[in-house]
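Data block below; observations after.
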Amino acid sequence: MNQRDDGPPDHKLEQHLAATGLRLRAARRRADLTQIELAALSGVDRGNISRAEHGGNISLETLWRLAIALNLHAADLLDDRLPGNG
């Protein structure tokens, strides 16, 4: 298996979490929802939504709830390709 060494695993994880947060925020904005409105639709606390949008770690259940509320697949938020890596 061909693996690239782009830095320590923690740095890669932070990059992926940040990218997921950006995708979540973009999807919420495309849906024309505030964090409070998304919280009401998803059952996820607004603070958790904010944390996720800022690259914080969230549970898989939270990710699923947000994706469902946004009419997305969880994979749409989890795309593991980082910007600039194809």
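What FRET efficiency would be calculated for the residue pair H16, L72, taking the C-beta separation as r and a Förster radius of 25 Å, to the nearest 0.05?
E(calc), rounded to 0.05, equals 0.90.
If amide hydrogens are placed 1.01 Å from N in the peptide plane, which non-local residues have theirs closer than 5 Å to the one on G55?
Under 5 Å from the amide H of G55 lie the amide H atoms of G21, each far enough along the sequence or on another chain.
Laboratory data are not the source of any read-out in this text; all were calculated from the coordinates shown. Owing to the predicted nature of the structure, the values given are computational and were not obtained by experimental measurement. Glycine also receives a Cβ, built like all others from the backbone with ideal geometry; neighbour counts cover every protein chain displayed.
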